[in-house]
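Peer 1: Here it is, the structure in full.
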Amino acid sequence: MERISLNDLPSWSPWPARLLGLDAWQIPERTIAKIQAEYDQDKYAKCLAYHQTAEDDRTPSPEEVHVFECGPPDREIACSFDNEIFRVTLGEAQRKARELIREAMSAAVAQADTVVELGCGYGIQLWHLRQAFPEKSFIGGEYSRNALELAGRLYEGVRNIEVCEFNFYDDRYDVVLGERITGRAVVFTCHALGQLPTARPFLDTLEKHAENISCVFHFEPVVGLQDDSLLGLMRKRYARINDYNRDLLELLERKANVHILRKTPDAIGTNPLTPTSIIEWEYR
């Protein structure tokens with residue numbers, strides 16, 4: 001890895017100029033319609049079409065679909081670790097991000113029978129976790145119809161992965177109900193809550209299912225954990241002008257029945273301006 005100066009970040013990303021108002025950027029309103037257009041009708045529709053129209057007789061694997069989605073693993077990117085930025089290949093950054101999730105959840109998953117990811121897309125994180133914990137059951141919840149169809153194709157015949165219809169704004173979450181899970185589940189999100197300008201509806205609904213949940217992990221950009229360094233301020237501004245979530249940590253800290261077990265800021269960022277932090281918590 002080669003360190004990249006913050007001064008050189010504009011050569012890797014268009015975002016510094018946008019954050020400073022030098023390049024035009026229209027602030028989006030992150031609604032269901034926005035998510036439908038950006039994810040279901042664009043990203044996941046393209047991934048589904050790729051899977052449907054594979055040129056040979058071999059069905060693409062989840063990893064191959066992920067490469068199609070994200071681009072060649074040997075492409076060099078700017079990736080952050082804490083507050084330092086480095087030049088690495090996309091594949092190396094993705095591997096380290098997967099290791100981060102696996103290592104953070106390992107002890108909790110070992111004590112559970114079921115792992116649930118909310119906002120899972122077509123389930124690539126579940127697929128990788130299954131490689132490490134093949135004896136567990138993995139359930140995903142996802143809003144996008146195209147992602148649901150793709151997941152159905154990818155995991156057809158796979159006994160312990162299921163991706164179900166789910167909406168963060170529903171008033172109950174069937175995906176974590178007792179008839180679906182065995183025992184109490186480990187629940188996690190990975191770069192999904194950013195789509196919620198406020199996490200309040202999610203936390204209020206999840207609380208209804210507290211008896212089915214052993215602990216919760218968030219692998220998300222967390223504005224409340226970002227510092228006031230220049231890079232930290234750029235990260236906060238990035239979240240604001242994209243209407244990404246900014247209140248997750250604040251709301252968790254206000255809940256009397258929530259015990260926060262871990263807060264790890266800005267562990268890795270395949271986009272240095274929206275890095276993955278870790279929050280682990282449980283119901284008291």
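The values are calculated or read from the model by the stated rules, or taken from the named source; none is laboratory data. Note that the structure is predicted; figures quoted are calculated from it, not measured. Note: ideal-geometry Cβ built from the backbone for every residue, glycine included; neighbour counts use all protein chains shown. For accessibility, only protein heavy atoms count, side chains too; no ligands or nucleic acids. Shrake-Rupley method; radii C 1.70, N 1.55, O 1.52, S 1.80 Å.
Peer 1: Scan the range 259-284 and report the pairs whose first residue is closer than 20 Å to residue 247 by Cβ and whose second residue is open to solvent by 30 Å² or more (accessible area, probe 1.4 Å) and in a loop (DSSP other than H, G, I, E, B), with Cβ atoms within less than 6 Å and a gap of 6+ or a chain change.
Peer 2: 259/284; 266/82; 274/221; 283/257
Peer 1: Continuing with the same structure: Condition test on residue 79, is it under 15 Å from residue 267 (Cα atoms) and crowded, with 22+ Cβ neighbours inside 10 Å?
Peer 2: Details: under 15 Å from residue 267 (Cα atoms): yes; crowded, with 22+ Cβ neighbours inside 10 Å: yes.
Considered against the rule, which asks whether it is under 15 Å from residue 267 (Cα atoms) and crowded, with 22+ Cβ neighbours inside 10 Å, residue 79 comes out as yes.
Peer 1: Please count how many residues of the range 237-275 are touching a Cys at 6+ places or on another chain (Cβ under 8 Å) and buried (at least 19 other Cβ atoms within 10 Å of the Cβ). If you could, list the steps in order and put the result at the bottom.
Peer 2: So in the range 237-275, the residues touching a Cys at 6+ places or on another chain (Cβ under 8 Å) come out as 261, 268-270, 272.
Then drop every residue that is not buried (at least 19 other Cβ atoms within 10 Å of the Cβ), which leaves 268-270, 272.
Of the residues in the range 237-275, 4 are touching a Cys at 6+ places or on another chain (Cβ under 8 Å) and buried (at least 19 other Cβ atoms within 10 Å of the Cβ).
Peer 1: Have a look at 200, 184 and point out the one that is touching a helix residue (DSSP H, G or I) at 6+ places or on another chain (Cβ under 8 Å), at pLDDT below 95, under 24 Å from residue 249 (Cβ atoms) and open to solvent by 20 Å² or more (accessible area, probe 1.4 Å). Write out each step before concluding.
Peer 2: Numbers: 200 fails: at pLDDT below 95.
From the options 200, 184, the qualifying one is 184.
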